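Notes follow the structure.
The values are calculated or read from the model by the stated rules, or taken from the named source; none is laboratory data. Note that this is a predicted model, so its numbers are computed, not measured. Cβ coordinates were reconstructed from backbone atoms using ideal geometry, including for glycine residues, and neighbour counts include every protein chain displayed.
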Amino acid sequence: MTDFLLELRSEEIPARMQAAARAELEKLFRAQLSAAGLEAGDLTIWSTPRRLALIAKGLPEATAAVSEELKGPRSNAPPQALEGFLRKTGLTQDQLEDRDGVYFAVIDKPGRATAEVLAEAIPAIVRAFAWPKSMRWGKASASSESLRWVRPLSGIVAIFGEELVPCEVGGIASGFATRGHRFHCPGEITIGSVSDYAEKLRACHVIVDHEERQAIVRDGAAKAAADAGLTLVEDEGLVIENAGLTEWPVPLLGRFDEAFLEVPPEVIQLTARVNQKYFVVNGADGKLANGFVCTANIDAKDGGAEIVAGNRKVLAARLSDARFFWEQDQKKTLAQHAEKLANITFHEKLGTVADKVERVAKLAEWLASEGIVPNCDPALARQAAELAKADLVTEMVGEFPELQGLMGGYYARAEGLPDAVADAIRDHYKPVGQGDDVPTAPVTVAVALADKLDTLGAFWAADEKPTGSKDPFALRRATISIESLIIQNGLRFGLLPILDMATQAGGTAITNASKVRVRRAMDAAKAEGLGVMAVTGGNAVGLKPFGQYSMAFDTRAHDLLDFFADRLKVQQREAGVRHDLIDAVFALGGEDDLVRLLARVKALQAFMATEDGTNLLAGYKRAANILKQAGEVSGIAATTPPTDADAALLAALDAAEPAASAAVAEERFTDSMAALASLRAPIDAFFDGVMVNDPDEAVRAYRLGLLARFTGAVHGVADFSKIEG
């Protein structure tokens, strides 16, 4: 068994592409070997900014000989069929085997030297490599058939054992030579085998193992901060990126002017992280300190003093820009900034961001005034909603879109607006997907809920629903966020009426946006002296008091409620809630209070985990099958129960039905399950003791009616037909 080394050396590979490149190299290598009948086994894949390396240990010296059997035509088939089969196999007729009148070809394929397989695989891997972005270079780039790579490919090392695997791709021939660190050891290094590859590169200031470099960055940055009495703000993404930018990482601590700390800490961290790839640090008080950690790619003779000084100047320039944005933005109030939202299109079918803000403000105020979000001041909810998107047009958010909402909160506080308003502006985008913090402050909840409900209703009205894996407007995420807000805050309301309101408002927005487009076309036509027809305007939909909506809701609202049900299953799966039980409760109809629904589902799940629940489900399914075969059942005939088993089930139903119904009405769902459990023994005894399809028509009708009443009692709690098992 022999080890194999492959190194593909190039100009700098972007750090963000290296993880995917390692996975691609492994996938292609395994595929090439598998096609040749070789098992790759465990592979080691490394990357640096200038190379991808693969080590395969324990490869055989040659592939095994194989025998391939092909079925041919029948022996009495036309001569043309036989001739075609012989051409395909390269055999003669006397080499075929006749088995019961059918020709078979047995082709023995000798094994191949593994080195030969590898020599063919390497060019195939390089040419098939999928990069997010790639390029051609040199004179050959004039042809579209020339080699493509992420950056110009400059060298290939391919060694099997201690022997070179000769190959060539794009004019680059394989060899034993690679190169060390660009500055510390720029000359060629001769690699003898897999065993000395990593250590020879280390001696030349290249740590080829990306995970080792990550550990150096992670631990070195923390130590540099700790040595100065500071604490590193951990950022694993930045660790990986810095390791992908360096072959010999050296973390260094620097300082910036304390005056910059007047800028919000998130701005400083984002400036350092995004623009310069620096870590930030906290002081002993837990607040952001005027320090940063950069990662050099050389072992500087002066200990990195010049490197730190240069990075300090660059960071100072970036922070000066950030401070300028911070100061300029505060020269206007958020309300003044918000005036510009009328110039930003939210969606071509739905008007501007200003239009959306007005809809959200109305809805947030209504959610508060109707008590749907308890203890929420309607005026504050409206004010926060009107200003929530204002920071989108600020200089700071223009530079750092990631800070939208957060900067609005800072500007609101600096302006002297109420804390509840500032907090709502800051957090109204939350929760952003599963696992994010869920707001609990009433004003924030009202604005966050209104914003997401409006987005869903508007896009549903515009028929821009998610399809398959496509969800360009993140509507699935918005739905899960709404459900989290409702469940975490225990908000009690029927979801369907509010979804109907949202879709109606979206429909009105579409109409108004269309009219705006028509007016613009009219104005353009008038400017050219053309005659046009007048078009009247329309107002945004008003919001009725809660409870004044008809139950005849728009079909879009029902469709949206079904979408909520699907997302609820996804959201609750992590909590261990069974999707079929959610279906069983939703199927009853009229249950769109998510808090009550989940309480019901959890009680049902606990019940189904018991022996009573399992047996009752079996009894229900048996009863449902009998009733399905019997067709329409009118009810229990007014006669004396034919047997004691009939009488026992009737008595149990007389007791269980009202008890279960009362418990459901009072939201005592555990008690409702207990009432159902009392039916388990009578239904078992019923099936054991009687024949439902009795020859006597009156007895049969009585028992079918009894079963219909039994399934009806069960349906009062949940639709057991939806439960699996």
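A few remarks follow.
- Hey, Q336 touching a helix residue (DSSP H, G or I) at 6+ places or on another chain (Cβ under 6 Å) and either assigned by TED's automatic domain parsing to the domain that holds F473 or not in a loop (DSSP other than H, G, I, E, B) (or both) or not: no
- In region 652-673, the qualifying residues are those that are surrounded by 14 or more Cβ atoms within 10 Å (Cβ to Cβ) and not in a helix (DSSP H, G or I), and the one that is modelled with the highest pLDDT is R668.
- Some residue of region 41-60 being surrounded by 15 or more Cβ atoms within 10 Å (Cβ to Cβ), in contact with a helix residue (DSSP H, G or I) (Cβ under 8 Å, 6 or more places away or on another chain), in a loop (DSSP other than H, G, I, E, B) and modelled with pLDDT under 85: no
- Test for F129: is it buried (at least 16 other Cβ atoms within 10 Å of the Cβ) and touching a residue at least 12 places away in the same chain (Cβ under 8 Å): yes
- Single condition R179 does not satisfy, out of (1) out of contact with any strand residue (DSSP E or B) (no Cβ under 7 Å at 6 or more places or on another chain); (2) within 27 Å of L147 (Cβ to Cβ): (1)
- Being at pLDDT 95 or above, surrounded by fewer than 22 Cβ atoms within 10 Å (Cβ to Cβ), over 15 Å from A446 (Cα atoms) and out of contact with any Gly (no Cβ under 7 Å at 6 or more places or on another chain) is a property that H347 lacks.
- Test for I480: is it within 23 Å of P378 (Cβ to Cβ), surrounded by 14 or more Cβ atoms within 10 Å (Cβ to Cβ), modelled with pLDDT of 55 or more and out of contact with any strand residue (DSSP E or B) (no Cβ under 9 Å at 6 or more places or on another chain): no
- Residue within region 122-135 that is of a type in the set (S, T, Y), out of contact with any Lys or Arg (no Cβ under 6 Å at 6 or more places or on another chain), more than 19 Å from A35 (Cα to Cα) and outside any helix (DSSP H, G or I) present: no
- For region 588-628, filtering for residues that are of a type in the set (S, T, Y) and loosely packed, with under 15 Cβ neighbours inside 10 Å leaves 2.
- Test: residue in region 251-264 that is surrounded by 19 or more Cβ atoms within 10 Å (Cβ to Cβ) and closer than 23 Å to I13 by Cβ: yes
- Per the listing A478, A448, the residue uniquely touching a Phe, Trp or Tyr at 6+ places or on another chain (Cβ under 8 Å), free of Cβ contacts under 8 Å to residues at least 60 places away in the same chain and not in a loop (DSSP other than H, G, I, E, B) is A448.
- Exactly one residue among K301, K313 is basic (K, R), in a helix (DSSP H, G or I) and more than 24 Å from Y411 (Cβ to Cβ), and that residue is K313.
- Residue within region 571-583 that is modelled with pLDDT under 85 and assigned to a loop (DSSP other than H, G, I, E, B) present: yes
- All of T271, T295 fail the test of being surrounded by 15 or more Cβ atoms within 10 Å (Cβ to Cβ), touching a residue at least 40 places away in the same chain (Cβ under 8 Å), in a strand (DSSP E or B) and among the polar types (S, T, N, Q), apart from T295.
Yes or no, residue by residue, for (1) over 17 Å from L617 (Cβ atoms); (2) of a type in the set (D, E); (3) in contact with an Asp or Glu (Cβ under 6 Å, 6 or more places away or on another chain); (4) in the same structural domain as A648 (by TED's automatic domain parsing):
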residue	(1), (2), (3), (4)
L679	no, no, no, yes
P682	no, no, no, yes
G689	yes, no, no, yes
D694	yes, yes, no, yes
A701	yes, no, no, yes
G705	yes, no, no, yes
F710	no, no, no, yes
H715	no, no, no, yes
A718	no, no, no, yes
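- Long-range neighbours under 6 Å by Cβ, at least six apart or interchain, first residue in contact (Cβ under 8 Å) with a residue 12 or more places away in the chain within region 493-507, second of a type in the set (F, W, Y) and outside any helix (DSSP H, G or I): L496/F553; P497/Y549; D500/F553
- Tally of residues being without any contact (Cβ under 8 Å) to a residue 24 or more places away in the chain and in contact with an Asp or Glu (Cβ under 8 Å, 6 or more places away or on another chain) across region 399-426: 2
- Restricting the first member to region 608-629 and to residues that are over 17 Å from T670 (Cα atoms), and the second to residues that are in a helix (DSSP H, G or I) and small (G, A, S), the beta-carbon pairs closer than 7 Å and six or more apart or on different chains are A624/S721; L627/A708.
- A single member of I45, I55, I125 is in contact with a Ser or Thr (Cβ under 6 Å, 6 or more places away or on another chain) and either in the same structural domain as G175 (by TED's automatic domain parsing) or within 30 Å of E211 (Cβ to Cβ) (or both), and it is I55.
- Number of residues in region 406-454 that are crowded, with 24+ Cβ neighbours inside 10 Å and among the polar types (S, T, N, Q): the value is 1.
- You will find that of A381, A338, the residue that is more than 24 Å from E395 (Cβ to Cβ), surrounded by 19 or more Cβ atoms within 10 Å (Cβ to Cβ), modelled with pLDDT of 95 or more and not aromatic (F, W, Y) is A381 and no other.
- In region 266-277 there is at least one residue that is at positive phi and of a type in the set (K, R).
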